[in-house]
Amino acid sequence: MKTLLLPSGATIPVLGQGTWYMGEDPAQKKREIDALQLGLDLGMTLIDTAEMYADGGAEEVVGAAIAGRRDEVFLVSKVYPHNAGRRGMQAACERSLRRLGRDHIDLYLLHWPGSVPLAETLAAFESLKQAGKIRDFGVSNFDSAAMQEMSELPGGGQVAVNQVLYNLKRRGVEWDLLPWCRERAMPVMAYSPLESSADEQRRMLGNPQLQAVARRHDASPAQIALAWLLQQEQVVVIPKAVNSIHVRENRAALDIVLTAQDLAELDQAFPPPRRAHPLDMR
């Protein structure tokens, strides 16, 4: 599995597994666990989750999936903004670790900007890092202005990643946020790489030019959309799947190499931004 360097020197896989909406239906738990374990078997050892997902239920699914193979996994979780103070983050992290059945989180993120001062959040992250509860920390859903603000605070230089909504249809981050992160060798994690809702996904994957590129590669439109993201500089991609066929397709997308013609056609179908856009969020 290809990896990227974090500012700390640690490595992060470029392709992982998302868990948004997992843990909500007990009847689906075994299927979700099986899908995550298949992904691990295929080399997708990065698993992204959050205390928000199913109110901790997704972390419990992850904990069950990685039992007995925790050393294989690069684990990412996220803390609610209202828990991002010194005391709140310590307690939230301990709850997440219990659900995950692990003694540390590889990458712990602030889920979105909140009311707790960023300086306090950075101090709380640093305290957890010194205690060995987390290895690295970062943020999610931060625009370029928020990233600049955080970078100027004590400890802001240790922020490892920014996880944002990024896919073929939602390319606004390319205007300013991606360049800002790339200048600092900071990976961006792309969530909802195939969109979120079924309607949004159908609209994106039904694009005739995307389908034409897919036919040339004997691949699905979803695989081409993932391959496009995986060819972007300093980007980590975390698609979610509970269907074994989709898990295998996600992994196979890493082996697709898009040509200059492919990329030009995708740019025509899904134009890059020509001005600044507010950050897309889900």
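We did not get these values from a lab; they are worked out from the coordinates using the rules stated. Predicted model only: the values in this text are computed from it and were never measured. Using ideal geometry, Cβ is built from the backbone for each residue, glycine included, and neighbour counts are taken over all protein chains shown.
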Computed label-point distance, nm, for sites GLU200 and ASP71 using a 7 Å Cα→Cβ extension: 3.9
Binned Cα-Cα distances of region 86-161, short to long, each 5 Å bin given as a whole percent: 3, 15, 30, 27, 15, 7, 2, 0
For region 35-78, alpha-carbon Rg over 2.2 N^0.38 Å: 1.07
Structure-derived Rg and Dmax of the Cα atoms in Å - corresponding label in (1) 22.4, 84; (2) 18.0, 49; (3) 18.1, 54: (3)
Residue-averaged 222 nm ellipticity for the chain, from DSSP H runs of 4+ at -39500 (n - 2.57), nearest 500: -12000 deg cm²/dmol
Relative contact order [Cα under 8 Å, 6+ residues apart], the chain, whole percent: 19
Inter-probe distance in nm under a simple model that places probes 7 Å from Cα toward Cβ, at ASP34 and SER8: 3.5
Residue-span extension gain [GLU183 to GLU126] - 0.36 nm each, minus C-alpha spacing: 18.2 nm
Subset of LYS30/LYS133; LYS2/LYS240; LYS2/LYS78; LYS169/LYS240; LYS30/LYS78 violating a 26 Å alpha-carbon distance limit: LYS30/LYS133
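Got a sec? How would THR19, THR49, THR3 order by Cβ neighbour count within 10 Å, fewest to most?
Exposure proxy ranking, most exposed first: THR3, THR19, THR49.
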Aspartates and glutamates whose Cα lies under 16 Å from that of LYS29, excluding same-chain neighbours fewer than 8 positions away: ASP55, GLU59, GLU60
